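The values are calculated or read from the model by the stated rules, or taken from the named source; none is laboratory data. Everything quoted here is computed from the prediction, not taken from an experiment. Neighbour counts run over all protein chains shown; Cβ positions are idealised from the backbone, glycine included.
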Amino acid sequence: MRRVSLGVSLGPALVVGAFPYRLGSCSSRQRASQRACHDHQMEEAYRPRALRVMAEYMSDDPVWDSDLDHMGPVVLQDLGVSTQLVQRLQAWNERFNGIALTDFEFTSVDEERSWRQEGLTLAYELQYELADIDISYAEDTDPRPVRDRRGP
């Protein structure tokens, strides 16, 4: 663990993994018990409300935070996603990166359809593992979170 400054508005923070925690945000009663204060700080960790499965060139992780204040790729392991699913999502994104030299044109309509279906299936699996977060899929025309759709 290390201390960093996250700017004037947040003040000093404690960084554990990728999540900052505000220091000094515990009540005096919680500070009397170091464990209670630590537990209180852990409750303040940022957890996204909505993520988007979206292939991205030159990126390892194809899952993005949809929050305007935290927009960008997320580290799925920090959210508790299984290693197997993370690897499958990365392999799916690698297929997209593999067509970069062809101006992102698939060799056939069937190959593109298969890639899009695989991505949607992975989005459903991610929704299963992260039940408290809305997961959407950017590689089709349906803007609804996958939990609001029928499964593949």
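When Leu85, Leu76 are checked against the criterion of being under 12 Å from the mean Cα position of the chain (by Cα) and at pLDDT 85 or above, a single residue qualifies: Leu76. Across segment 114-133, the number of residues qualifying as of a type in the set (D, E, K, R) and surrounded by 19 or more Cβ atoms within 10 Å (Cβ to Cβ) comes to 1. Taken over segment 50-69, the criterion of being surrounded by 12 or more Cβ atoms within 10 Å (Cβ to Cβ) and in a loop (DSSP other than H, G, I, E, B) is satisfied by Met54, Ala55, Glu56, Ser59, Asp60, Asp61, Pro62, Ser66, Asp67.
Every residue, every condition in (1) among the acidic types (Asp, Glu); (2) assigned by TED's automatic domain parsing to the domain that holds Ser59; (3) over 16 Å from Arg52 (Cα atoms), yes or no:
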residue	(1), (2), (3)
Asp103	yes, yes, yes
Arg113	no, yes, yes
Gln117	no, yes, no
Ile133	no, yes, no
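Residue-wise test of (1) within 16 Å of Val146 (Cβ to Cβ); (2) over 19 Å from the mean Cα position of the chain (by Cα).
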| site | (1), (2) |
| --- | --- |
| Pro62 | yes, no |
| Leu68 | no, no |
| Gly72 | no, no |
| Gln90 | no, no |
| Arg95 | no, yes |
| Asp103 | no, yes |
| Ser108 | no, yes |
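For segment 79-110, a residue qualifies if it is more than 16 Å from Thr121 (Cβ to Cβ), surrounded by 13 or more Cβ atoms within 10 Å (Cβ to Cβ) and either in contact with an Asp or Glu (Cβ under 6 Å, 6 or more places away or on another chain) or among the charged types (D, E, K, R) (or both), and exactly one does: Phe106. Count, please, the residues in segment 118-144 that happen to be modelled with pLDDT of 95 or more, of a type outside the set (Val, Ile, Thr) and either over 20 Å from Ser82 (Cα atoms) or assigned to a helix (DSSP H, G or I) (or both). Qualifying residue count for the region: 11.
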